[in-house]
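Colleague: Here you go, one structure.
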Amino acid sequence: MSGKRAALRSELTRRLLEAATERMEKYGLDGVSAREVTADARCGLGTIYKCYRDLDELILHVNSRTLKKLDNVLVAAIRPTDAPEVRLVDLALAYLDFALSNNNAWSALFKHRMPAGSLVPDWHIAEHRALFRHIYRPLTEIDPELSNEALTIRARSIFAAVHGIVALSIEGKFVGLEREVVSVELETVVNAMLRGFTMRSE
C-alpha cells in the first residue's frame with residue numbers, strides 16, 4: 001500500500017471512529033448503523049469494510065474508547081493515601097457518576113454482542129480486565145494473604161454488586177436516578193461486603 005493510500009485509509013478510519021463514537025454517545029448502541037456512520041463520516045457505505053472487518057469491530061473500538069475514559073475517571077477518583085476501604089467506596093461512586101454522565105456509551109459496553117460464530121478479540125477482553133486492577137490494589141492491602149484466585153473472585157463480587165445497583169438504578173427498577181440515594185446504597189453495600197470478607201478471613 002502506497003504512502004498516500006495508507007494515509008487516506010488512516011484518515012477514513014479516524015473519521016469512521018469519530019462518527020461512530022459521536023452516534024454512540026448521542027443515541028446509544030441502536031443508533032450506530034453502517035449507513036448512518038458512513039453518512040456522518042462523509043464516505044461511501046462500503047468504506048467501513050475497508051477500514052474495519054465489519055460494524056461490530058468498529059463498535060469494539062468505540063467501546064475501547066469508553067473503557068479508556070472510564071479508566072481515567074477511576075484513576076482520578078482515588079487518592080493513594082486514603083484507606084483502602086475508602087478508595088473502594090470512591091471507586092463505586094465514580095462508577096455511578098460515569099454511568100449517569102455517559103449512559104449511552106456505558107450501556108453499550110454490556111449490550112453489544114458479537115454475531116454468532118465470532119468471539120470478542122483478546123485485546124478487548126484485556127481492556128475490560130485491566131480495569132479490575134483498581135479493585136485488586138485496595139483488596140490486597142486489606143488482606144495481603146489472599147490468593148490470586150480468591151482476589152479475582154472477591155473483586156468480581158464487588159463489581160457485580162456495584163454494577164447491579166447502578167444498572168438497576170438507571171433502568172428505574174431499583175431506587176431511581178437520585179444520585180444521593182444510590183450513593184448511600186453503594187457505600188452501604190461495599191462496606192457490608194468488606195466487613196463480611198474480613199469476618200470470613202478471621
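The values are calculated or read from the model by the stated rules, or taken from the named source; none is laboratory data. Computed from a predicted model, the values in this text were never measured in an experiment. Cβ sites come from the backbone with ideal geometry, for glycine too, and all protein chains shown count toward neighbours. Just the protein is used for accessible areas: all its heavy atoms, side chains included, with ligands, DNA and RNA removed. Shrake-Rupley method; radii C 1.70, N 1.55, O 1.52, S 1.80 Å.
Colleague: Listed residues 131, 119, 88, 146; which is open to solvent by less than 30 Å² (accessible area, probe 1.4 Å), over 15 Å from the mean Cα position of the chain (by Cα) and not basic (Lys, Arg)?
Modeller: Values: 131 fails: over 15 Å from the mean Cα position of the chain (by Cα); 119 fails: open to solvent by less than 30 Å² (accessible area, probe 1.4 Å); 146 fails: open to solvent by less than 30 Å² (accessible area, probe 1.4 Å).
Unique residue meeting the criteria: 88.
Colleague: Restricting to region 37-52, give me the number of residues that are open to solvent by 70 Å² or more (accessible area, probe 1.4 Å) and within 16 Å of residue 112 (Cβ to Cβ).
Modeller: 0
Colleague: Answer yes if at least one residue in region 187-198 is touching a Lys or Arg at 6+ places or on another chain (Cβ under 8 Å) and either assigned to a helix (DSSP H, G or I) or modelled with pLDDT under 95 (or both), and no otherwise.
Modeller: Of all residues in region 187-198, those touching a Lys or Arg at 6+ places or on another chain (Cβ under 8 Å) come to 197.
Among the residues that remain, those that are also either assigned to a helix (DSSP H, G or I) or modelled with pLDDT under 95 (or both) are: 197.
Yes; the residues of region 187-198 include at least one that is touching a Lys or Arg at 6+ places or on another chain (Cβ under 8 Å) and either assigned to a helix (DSSP H, G or I) or modelled with pLDDT under 95 (or both).
Colleague: May I ask you to verify whether residue 195 is open to solvent by 80 Å² or more (accessible area, probe 1.4 Å), over 30 Å from residue 58 (Cβ atoms) and over 13 Å from the mean Cα position of the chain (by Cα)?
Modeller: So residue 195 passes the test.
Colleague: Given the conditions (1) open to solvent by 30 Å² or more (accessible area, probe 1.4 Å); (2) outside any loop (DSSP other than H, G, I, E, B); (3) among the hydrophobic types (A, V, I, L, M, F, W, C), and given that residue 139 satisfies all but one, which numbered condition is not satisfied?
Modeller: (1)
Colleague: So residue 55 fits all but one of (1) open to solvent by less than 80 Å² (accessible area, probe 1.4 Å); (2) of a type outside the set (Gly, Ala, Ser); (3) closer than 26 Å to residue 11 by Cα; (4) in contact (Cβ under 8 Å) with a residue 24 or more places away in the chain; what number is the exception?
Modeller: (4)
Colleague: A further question on this structure: Return a yes/no flag: does region 149-166 have any residue that is farther than 23 Å from residue 78 by Cβ and part of a helix (DSSP H, G or I).
Modeller: Filtering region 149-166 down to residues farther than 23 Å from residue 78 by Cβ leaves 149.
Among the residues that remain, those that are also part of a helix (DSSP H, G or I) are: 149.
Within region 149-166 (the criterion being farther than 23 Å from residue 78 by Cβ and part of a helix (DSSP H, G or I)), the answer is yes, since at least one residue qualifies.
Colleague: Given (1) open to solvent by 40 Å² or more (accessible area, probe 1.4 Å); (2) part of a helix (DSSP H, G or I); (3) over 27 Å from residue 97 (Cα atoms), identify the lone condition not met by residue 30.
Modeller: With respect to (1) open to solvent by 40 Å² or more (accessible area, probe 1.4 Å); (2) part of a helix (DSSP H, G or I); (3) over 27 Å from residue 97 (Cα atoms), residue 30 is out only on (3).
Colleague: Also, I was wondering about something else. Restricting to region 134-151, what's the tally of residues that are touching a residue at least 24 places away in the same chain (Cβ under 8 Å) and of a type in the set (A, V, I, L, M)?
Modeller: 3
Colleague: How many of the residues making up region 152-169 are among the polar types (S, T, N, Q) and either surrounded by 15 or more Cβ atoms within 10 Å (Cβ to Cβ) or at positive phi (or both)?
Modeller: Summing the residues that are among the polar types (S, T, N, Q) and either surrounded by 15 or more Cβ atoms within 10 Å (Cβ to Cβ) or at positive phi (or both) in region 152-169 gives 2.
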